[in-house]
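The values are calculated or read from the model by the stated rules, or taken from the named source; none is laboratory data. Nothing here was measured: the structure is a model prediction, and the numbers come from that model. When we count neighbours, we look across all protein chains shown, and the Cβ atoms used for this are built from the backbone with ideal geometry, even at glycine. SASA here: full protein model, heavy atoms, side chains in, ligands and nucleic acids out. Shrake-Rupley method; radii C 1.70, N 1.55, O 1.52, S 1.80 Å.
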Amino acid sequence: MKSEEIKEAALKYFTLHGYEGASLAQIAEEVGMKKQSIYAHFKGKDDLFLQVLRDAKETELSTKLQYFGNVDAQHPETDLYGFLQLIIHFFQRNEQLKFWLRMTFFPPAHLEEEIEKEVLDIEEQVQAVLESKFQDWLDAGAVVGDTARTLTYAFLGVVDSIMLELVYGNDENRLTEKLEASWAVFWRGISQR
């Protein structure tokens, strides 16, 4: 149980101050222990950081997979737009996902390669699920396009645009405008209308 408390405190400090600005002493104090006691649970700051990162990754992945697990072949417009709204909602409100977003865009230099592997892993899994959904929608005649892969990459471009706004922007109106404009152009390009 103490390991979970340590990870919760670490999540808070890593999110607020980044890897470099968070200290094991702060984290230990937050959970009412001495800094040295953290080593009974984690090898060091890097180990703690990577475990918090992997927990955040699992939260993101399970959220996305659960969402697409409930998507059928009949409502791509509602389902894809809903996914964009889900991303905005979760990345603005969930501490783990705020942390994940910050650390994947601004990783500690010495952990960059390891973090990149985690990012590519989640991207590949989400891409595979999306590609399968786009194939279902193509087969059902619910969308038009060359290939499921092309549609997937185009949609992920919209997702990336939203993610970038979540990282660098703090203007809710700009985020909404960007979402609406990107979505309108994307949907017009793949819909039957």
| remark: Quick numbers on region 125-171, Rg and Dmax over C-alpha atoms in Å, give 12.9, 39
| field | Of the trypsin sites (Lys or Arg not before Pro) in region 10-89, those whose Cβ has at most 12 other Cβ within 10 Å and which sit in DSSP loop | value | LYS34, LYS43
| remark: For region 49-153, inverting the pair-averaged 1/r of distinct alpha-carbon atoms gives a Kirkwood value in Å of 14.8 Å
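Scan region 38-119 for GluC sites (Glu not before Pro) in coil per DSSP, keeping those whose Cβ has at most 13 other Cβ atoms within 10 Å, and list them by number.
Listed in order of number, the matching sites amount to none.
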| field | Using distinct alpha-carbon pairs, which all enter the 1/r mean, Kirkwood radius of region 53-105 in Å | value | 11.7 Å
| query | Taking only the alpha carbons of the chain, what extent do you get along each of the three principal axes, in Å, biggest first? | reply | 63, 31, 27
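What is the local net charge at ALA28, summed over the other residues whose Cβ is closer than 12 Å to its Cβ (Lys, Arg +1; Asp, Glu -1)?
Details: positive: LYS2, LYS34, LYS35, LYS45; negative: GLU5, GLU29, GLU30.
Counting the neighbours of ALA28, the net charge comes to +1.
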| message | What whole-number distance in Å separates the alpha-carbon centres of region 119-193 and region 49-115? | response | 14 Å
| said: Here is the link list: LYS43/LYS98; LYS57/LYS178; LYS34/LYS98; LYS45/LYS133; LYS12/LYS133; LYS98/LYS178. Which ones come out longer than 30 Å on Cα distance? | reply: LYS45/LYS133; LYS12/LYS133
| query | In whole percent, what relative contact order does region 50-167 give with Cα contacts below 8 Å and a gap of six or more residues? | reply | 35 percent
| note | So the pair-distance distribution of region 98-163, from every Cα-Cα distance in 10 Å bins, comes to percents of 19, 40, 25, 13, 2
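Return the carbon/sulfur percentage of the accessible area of the chain, one whole number, probe 1.4 Å, all protein chains in place.
Details: 5020 of 10250 Å².
In the chain, the share of accessible area belonging to carbon and sulfur is 49 percent.
Select from the chain the helices, each a whole stretch of DSSP H, whose alpha-carbon atoms run 18 Å or more along the helix axis and whose Kyte-Doolittle mean is at least -0.5; answer none if there are none. Kindly include the intermediate steps, with their values, before the conclusion.
Working: long enough: 2-21 (23 Å, -0.77); 45-69 (35 Å, -0.56); 76-93 (25 Å, 0.17); 112-139 (40 Å, -0.75); 148-168 (30 Å, 1.14); 172-190 (27 Å, -0.42).
Those that pass (Cα extent of 18 Å or more, hydropathy at least -0.5) are 76-93, 148-168, 172-190.
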| field | Computed over region 1-111: relative contact order in percent, which uses C-alpha pairs under 8 Å that are six or more apart | value | 31 percent
